[in-house]
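Take a look at the structure below.
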Amino acid sequence: MLNICVCVSGGGTNLQAIMDAIESGKITNTRIVRVISNNKGAYALERAKNKGIDAVAISPKDYESREAFNDALLACVEEAAPDLIVLAGFLVVLPPAMVQRYGGHIINIHPSLIPSFCGKGFYGLRVHEAVLERGVKVTGATVHIVDEGTDTGPILLQKAVEVLPDDTPKTLQQRVMEQAEWIILPQAIQMIANSH
Ligand code: GAR
């Protein structure tokens with residue numbers, strides 16, 4: 001059984017996709033042991049609680065320094081003792097100690113085809129704004145293993161999505177989620193859960 005800890009910051013549609021895939025049997029041998037958000041108001045926490053999953057908010061606002069927040073975040077993860085950490089829309093730079101501790105066992109979903117439109121400053125809607133500004137005709141999503149850099153780790157899965165002429169950042173974000181993110185993130189977890 002693969003015990004996963006899912007880290008979220010916002011709406012939690014990728015978390016929902018993971019929970020749905022576990023329920024429908026698309027993901028097997030996997031249990032979500034904890035959901036952690038840096039944002040107390042994240043709807044993702046409600047989604048977890050609705051399924052009876054342990055959901056915890058660790059907000060930087062409650063700590064006097066970044067170091068204290070980082071320590072609390074790592075302690076919260078360690079308490080859940082996961083085999084895999086899934087960053088599902090977690091818009092926080094991971095504490096370096098967490099990457100060292102769980103190296104190779106952290107995955108992230110990014111809403112573009114890495115190495116395009118990734119790295120510092122490229123998150124959430126900003127990615128899709130940049131895609132439209134540049135005028136590329138194909139975008140997509142990537143699941144990768146997290147290393148010390150920002151969106152630099154080994155790529156596990158990618159899926160391309162067409163950019164349409166009338167797209168706004170929001171319509172493009174929605175299509176990338178529906179046609180790529182909600183598919184490849186559960187697929188990556190299923191691959192890892194059944195790879196040994
Ligand atoms: C998703 O589009 C995810 O790819 C993105 O944040 C959104 C979270 O949505 N992540 C990043 O930009 C990471 N750099 P959700 O809360 O509805 O799953």
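Values quoted throughout were computed directly from the atomic coordinates according to the rules given, and no laboratory measurement underlies them. The structure presented is a predicted model; accordingly, all values stated were derived computationally and were not measured. Using ideal geometry, Cβ is built from the backbone for each residue, glycine included, and neighbour counts are taken over all protein chains shown.
A Cβ-based charge dipole, computed about the Cα centre of segment 48-188 with Lys and Arg at +1 and Asp and Glu at -1, lands at about 360 debye. Rounded if a/c is under 1.5, else prolate if a/b is larger than b/c, else oblate: which is the chain, with a ≥ b ≥ c the root eigenvalues of its Cα gyration tensor? Cα axes put the chain in the prolate bin. For the chain, the longest principal axis of the Cα atoms and the long axis of helix 13-24 meet at an angle of about 70 degrees. Mind checking which of GLY12, GLY140, GLY104 has the largest fluctuation in a GNM of the chain, springs on alpha carbons under 10 Å? Of GLY12, GLY140, GLY104, the Gaussian network model singles out GLY104 as fluctuating most. With a Förster radius of 22 Å applied to the C-beta separation of GLU23 and ASP83, the computed FRET efficiency comes to 0.65. Which whole-number percent gives the relative contact order of the chain, counting Cα pairs below 8 Å spaced six or more residues apart? After rounding, I find 22 percent.
Could you calculate, for segment 13-114, the ratio of the Cα radius of gyration to the Kirkwood radius, expressed as Rg to Rh? Here Rg/Rh amounts to 0.95.
Across segment 108-123, computed HN-Hα scalar couplings (Karplus, 6.51 cos²θ - 1.76 cosθ + 1.60, θ = phi - 60°) run 9, 9, 10, x, 7, 8, 4, x, 7, 6, 9, x, 4, x, 9, 8 Hz from first to last residue, x flagging Gly and Pro.
Per-residue Cβ neighbour counts within 10 Å put HIS128, HIS105 in the sequence HIS105, HIS128, beginning with the fewest.
Annotation note: trypsin sites (Lys or Arg not before Pro) in segment 91-151 located in DSSP loop regions with a Cβ neighbour count of at most 11 within 10 Å are LYS120, LYS137.
In this Cβ point-charge picture (+1 for Lys and Arg, -1 for Asp and Glu), segment 139-182 has a dipole of about 120 debye about its Cα centre. Taking the Cα centre of segment 1-96 as the origin, how large is its charge dipole in debye, to the nearest 20, when only Lys and Arg (+1) and Asp and Glu (-1) carry charge on their Cβ atoms? Dipole of segment 1-96, to the nearest 20 debye: 340 debye. Once both labels are positioned 7 Å from their Cα atoms along Cα-to-Cβ, the gap between ALA68 and LEU125 label points is 3.2 nm. Remark: spin-label model distance SER59-GLU162 equals 4.3 nm, labels positioned 7 Å along the Cα→Cβ axis. Can you give the FRET efficiency for ASN50 and THR171, using 1/(1 + (r/R0)^6), R0 = 30 Å, r = Cβ-Cβ distance, to the nearest 0.05? Efficiency for this residue pair is about 0.65. Axis angle, to the nearest 10 degrees, between helix 66-80 and the longest C-alpha principal axis of the chain: 70 degrees. Placing unit charges on the Cβ atoms of the charged side chains and taking the dipole of the chain about its Cα centre, the candidate lying farthest along the positive direction among PHE117, MET191, LEU164 is LEU164. The fewest-to-most ranking of ILE36, ILE145 by surrounding Cβ atoms within 10 Å reads ILE145, ILE36. Non-local lysine pairs in the chain, meaning eight or more places apart or on different chains, with alpha-carbon distances under 19 Å, amount to 8.
I'd like the orientation of helix 125-134 relative to the chain: the angle between its Cα long axis and the longest Cα principal axis, in ° from 0 to 90, rounded to 10. With both axes taken from Cα atoms, the answer is about 20 degrees. Taking amide H as placed 1.01 Å from N in the peptide plane, ILE32 has its amide H under 5 Å from the amide H of ILE4, each at least 5 places away in sequence or on another chain.
Ranked by the mean number of other Cβ atoms within 10 Å per residue, highest first, peptides 43-54, 14-25 order as 14-25, 43-54.
Under 5 Å between amide hydrogens, which residues at least 5 positions from HIS144 or on another chain qualify, with H placed 1.01 Å from N in the peptide plane? Here the answer is ASN108, HIS110, LEU156, since their amide H atoms fall under 5 Å of that of HIS144.
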